[in-house]
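See structure below.
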Amino acid sequence: MVTVIKKSFLVKGLKLPENKISANKPIEKLPVPKKTLILLQQHFGEPCTPVVARGDKVKTGQIIADSDKLFSAPVHSSITGTVTNITKVINPFANNIVDAIEITADEIKNEDEWAELETDKLMLEISENLKEIYFENFKNNFSETQKKSKKTEAENLWKELIKIINETSKENIIQKVKDAGVVGLGGATFPTHVKLSTKKNIDTLIINGCECEPFITSDHRIMMEHGWQVLAGAYIIFKVLSAKTTFVAIEDNKEDAIKLFSQLIDEANLGMNFKIISLKSKYPMGAEKTLIKNVLGRKVPVGGLPMDIGVVVNNVGTAKAVFEAVSEGKPLIEKVITITGDIKDPKNLLVRIGTPVNDLINACEKFDMNNFKIVLGGPMMGNVISDLNFPITKAANCILIKKTKRLTEGNCIRCGRCVNICPMNLMPLMYAVYTKNSKFEILREYNINSCIECGSCAYVCPASIPIVAYIKTAKSVLSGYGK
Ligand code: SF4
Ligand code: SF4
């Protein structure tokens, strides 16, 4: 039997209206776009340089930009077509200018032609069989007798799969993950092969299935529809890191996911090392540092990484991408994006990286854009965008369409609410004050780089001060941009 540990919130947090209106919407595939714009830095670390030129024909999954630096990840074409431009784009997330490659789909063929992938045939076959069992099970298509025999079938498939993973070398796995351009899909986009290559002693892996920001449901859907891939990817990471324990962290508002992962861990016979942590649903539970504090009671040192305290955290989508990289040799060329907000038909869409935001909006419904704002990301951490041709990146997880409300920024009344709510115990009001006065250097003394940009301070501020916008500006200036 799998252990399910219940935990309450150890650090400060907000109870927000969940608004998970797309939670029961199965993932739909958005048609392959006619044009993609692929940013050459959509990961933490060094940007890539193009390895293709204008006019080159490219296949889906082909590397189009790469870097020889450790902190980087190759970038692949997400469609089949021709390189029609190599240009520069403002990235509102990182507040910088990055190179980008435009690829126009091949109109004559108008189909996906994949680059040759290094597939592990046996692993892929097992995965396909597990998919069939879990999909039918999910749809409740089995009788009680069938369920029993399918459970035995699944257990045998897991046995085989785990044997193959155990026999695959760590070096081979890390190389495949690197070649596939897998990065942290929870938003941080830290190159996954760097985490897997750590020389530090890792005792705990946390698989992050908390999706605490209101409206967003993409990870929930990934857990429900691709749970076996998430668990297989988690096991691969666990083996490579030689960790002792894996916690699958899921909030208690996703009972269906907790139930499914209990079943999966049980059938894979991983209960000795894999446990489920059921966490109170509060914001920002899913942020890496708050999650570690809540699950293990450990604190990541200022300026440090979770691996410094023996922990690696990977999002559920990342675990799935790791499994696809190792079993299929599949590069990270698509993502599940929730499109939601003040719309009638919210969705979870599987979207090619580089697809313009406009394509996703058009897949939902028509509305008067003048009355709405488009946020790339959730309501707490997202950025309002004005250019709807901006492309989906590996960091994106949501497009939120909200009716425009005009808020006027007032003066700080020193109420202290922002300080009281900050999960990192920072002084958010100071970030606004000193940024307004262009006194950026002093903000280092206030540990501005420990801010996880969760937006809790701005949410509670009665003066409607856009504190996170000030924080982002200050961080950009301090990191050298704009000098
Ligand atoms: S200062 Fe940063 S970490 Fe603290 S509440 Fe504001 S955004 Fe969140
Ligand atoms: S919550 Fe807003 S008004 Fe209150 S102290 Fe913080 S910045 Fe000032």
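Please work out whether region 337-403 counts as rounded, prolate or oblate from its C-alpha gyration tensor, where a ≥ b ≥ c are the square roots of the eigenvalues and a/c under 1.5 means rounded, while otherwise a/b larger than b/c means prolate and anything else oblate?
On the way: a/c = 1.37, a/b = 1.24, b/c = 1.10.
Rounded, because the longest to shortest axis ratio a/c is under 1.5.
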* **Residue among Ile79, Thr355, Ser127 farthest towards the positive dipole end of the chain, charges placed on Cβ** => Thr355
* Asked: Size of the dipole of the chain about the Cα centre, Lys and Arg at +1 and Asp and Glu at -1 on the beta carbon, nothing else charged, in debye to 20?
  -> 1900
* Count charges around Gly209 for me, please; just the other residues with Cβ under 9 Å from its Cβ, Lys/Arg as +1, Asp/Glu as -1. => -2
* Provide, in order from the shortest bin, the percent of all Cα-Cα pairs of the chain in each 10 Å bin, continuing until the bin that contains the maximum pair distance. => 4, 19, 30, 28, 14, 4, 0, 0
* Cβ-placed point charges (K, R +1; D, E -1), dipole of region 29-105 about Cα centre in debye, nearest 20 -> 360
* Excluding Ala432 itself, calculate the net charge of residues whose Cβ lies under 14 Å from the Cβ of Ala432, where each Lys or Arg counts +1 and each Asp or Glu counts -1. => +4
* **Residue pairs, from the table Lys280/Lys402; Lys148/Lys282; Lys320/Lys373; Lys254/Lys299; Lys176/Lys199, whose Cα atoms sit over 30 Å apart** => Lys148/Lys282; Lys320/Lys373
* So for region 29-105, taking the charge dipole from beta-carbon charges (+1 Lys/Arg, -1 Asp/Glu), which of Pro92, Gly55, Pro31 sits furthest toward the positive end? -> Pro31
* Asked: When you count, for each residue, the other Cβ atoms within 10 Å and take the mean per peptide, how do 172-182, 268-278, 82-92, 407-417 rank with the highest first?
  -> 172-182, 268-278, 82-92, 407-417
* If you place +1 on the Cβ of every Lys and Arg and -1 on the Cβ of every Asp and Glu, how big does the dipole about the Cα centre of region 354-427 come out, in debye to the nearest 20? -> 340
* Starting from the eigenvalues of the Cα gyration tensor, five times each then square-rooted, give me the equivalent ellipsoid semi-axes of region 214-314, largest first, whole Å. => 22, 18, 11
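Rule-based calculations on the coordinates, nothing more; no lab input. All values derive from a computational prediction rather than experimental measurement. Because the Cβ atoms are built from the backbone with ideal geometry, glycine has one as well, and the counts that use them run over all protein chains shown.
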